[in-house]
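Following: one structure in structure tokens, then a few remarks.
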Amino acid sequence: MKYDIIVAGLGPAGATAAYELSKKGFKVLALEKQKHPRYKPCGGGLTAKIENILEPDFKSVVERTIYKVNFTFRGSGDTHIKSDHPVVYMVMRDVFDNFLVEKARASGAEIHEQEKVTHVEETKDNVLVTTEKNTYSASLLIGADGVNGIVARSVGLKPKKKTAVLIEGEVNVKETAFNKLCDEILFDFGSVPYGYGWIFPKANHLSLGVGGLKKKIKNPGPYYSEFLLNKNLLNEIESEHKFGYTVPLFNGRSKITSLRTMLAGDAAALVDSFLGEGIYYAVRSGQIAAEVSQEILNGNNTIASYEERIAQEIFSELHYARKIDMVFYSFPKIGYNLLKKHPDFYEQIFDVVSGKAGYKQLWNKMKRKVVIETLPFLSY
Ligand SMILES: Cc1cc2nc3c(=O)[nH]c(=O)nc-3n(C[C@H](O)[C@H](O)[C@H](O)COP(=O)(O)OP(=O)(O)OC[C@H]3O[C@@H](n4cnc5c(N)ncnc54)[C@H](O)[C@@H]3O)c2cc1C
């Protein structure tokens, strides 16, 4: 049987693409190697701009709505900022991803779980997707199989990325410690070379961790322990589950389409290298892949336009996030001081997370002040 579209991988990118396409009436097969709900190491922070692209029912799986952010440097120097509007929605990824998958299923996508894609072959007329169980044929393939996906490799694509290594802890702490931390998200600069530490509160526990560039830190383990020590949390822990994982940070425009395949989400390295945010871009690229697939299948477009659309909307944004990350992670003290000394950035940051402005505007506002802050260091 031939499908219109096969989607490989059912994280936020694949589940969104499968939902949008089956809603439009296409014959969709979605293949996932695990079984939902499944744990995914992730802070689970959805910046408020997700509201602009998801239907409002996603709020049914939000564990906490956050209005406050705290920035610290190596564990101290709290800088609390508060917004009148939601800044971040906190989810657990097993629940959030399962919610998206069930929407795709309800709209008619054929979903095969515990079926791993092992090989892809493209021909002039179709794409053949082989799994551990079968081979399927479709007109188009959306590769949404994450950071270590097989699809990109099978079709000869290698999106440019900087790999970050992270440790995520799902941690229950004593009630007094939890109550102090539960209504704000925390970013700690300087706790890891070329990265940061975070504390993201969930309904009853903390998702916390550290992450930095793989080429700077081979093993984030010792930084994780030091982060907990600096935050005075070591004696507060009641239970802790730790997970290591990698994130493909965007590292410049690259080819993300082949003859019949489009890459979306982490498979295309669409992760903001400043905050490490990937869920928004996974969902949005899944939606764009669905829109372009519809146009191609109706004979009104070519696959190259997917890359153009991603370039206009996502690469351009991630390009400026890269400039900001270079300041914050090459010179974390300067980045932290910029935030501490210039409250006028806060509104701009809130505008970025809510989607009212982009990283380009934030960078344009920051760059003069970056030069001023950097001069004393350069004069030595
Ligand atoms: C520790 C950590 C913290 C993070 N915190 C945040 C955060 O707070 N906010 C944020 O926005 N982003 C965060 N991210 C990034 C975010 O998790 C990813 O960008 C996001 O999951 C990308 O979604 P995706 O759908 O592209 O890929 P994934 O979520 O990785 O989904 C890919 C799916 O494909 C499946 N798959 C893989 N290979 C195959 C195969 N061969 N066949 C079939 N199925 C396959 C996998 O099982 C998986 O279900 C974090 C990442 C890490 C590691």
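The values are calculated or read from the model by the stated rules, or taken from the named source; none is laboratory data. These numbers were taken from a predicted model, which means no experiment stands behind them. Glycine gets a Cβ as well: all are built from the backbone with ideal geometry, and neighbour counts include every protein chain shown. Ligands, DNA and RNA are excluded from the accessible area calculation, which covers all protein heavy atoms including side chains. Shrake-Rupley method; radii C 1.70, N 1.55, O 1.52, S 1.80 Å.
Relative to a virtual label point 7 Å from the Cα of L259 in the Cα→beta-carbon direction, which members of segment 146-171 show backbone nitrogen distances below 19 Å? Label zone hits: 150-158. The Cα-based radius of gyration and maximum Cα-Cα distance (Dmax) for the chain are 20.9, 69 Å.
Among R253, R309, R284, the largest mean-square fluctuation in a Gaussian network model of the chain, built with springs joining Cα atoms closer than 10 Å, belongs to R309. Of the accessible area of the chain, with the probe set at 1.4 angstrom, what percent is carbon plus sulfur? In the chain, the share of accessible area belonging to carbon and sulfur is 51 percent. Using the basic label-point model (7 angstrom from Cα toward the beta carbon), what is the A203 to Q114 distance in nanometres? So the label points at A203 and Q114 sit 2.6 nm apart. A cut-off of 5 Å between modelled amide H atoms, ignoring neighbours fewer than 5 places along the same chain, links V173 with L206, E238. Pairs spanning more than 19 Å between alpha-carbon atoms, out of K35/K116; K59/K202; K24/K356; K158/K255; K202/K242; K49/K360: K24/K356.
Taking the helices alone, the chain has a mean residue ellipticity at 222 nm of -10500 deg cm²/dmol, built from -39,500 (n - 2.57) per DSSP H run of at least 4 residues and averaged over all its residues. For segment 322-378, the solvent-accessible area works out to 50 Å² per residue, with a probe of 1.4 Å and every protein chain left in place. Candidate membrane-span-like segments in the chain, meaning DSSP H helices with Cα atoms spread over at least 20 Å of their own axis and a Kyte-Doolittle mean of -0.5 or above, are 279-297, 316-330, 359-378, with no membrane implied. Cross-link partners for K27 among the lysines, with Cα-Cα distance under 16 Å and sequence neighbours closer than 8 places in the same chain left out: K2, K103. Using the Cβ of F26 as centre and a radius below 13 Å, the other residues enclosed give a net charge of -1, where K and R count +1 and D and E count -1.
How high is the FRET efficiency between T135 and S330 when r is their beta carbon distance and R₀ equals 51 Å, given to the nearest 0.05?
0.60
For segment 186-202, backbone phi angles converted through the Karplus equation (6.51, -1.76, 1.60; θ = phi - 60°) give residue-by-residue couplings of 10, 10, 10, 8, x, 7, 9, x, 6, x, 8, x, 9, 10, 10, x, 10 Hz, Gly and Pro being listed as x.
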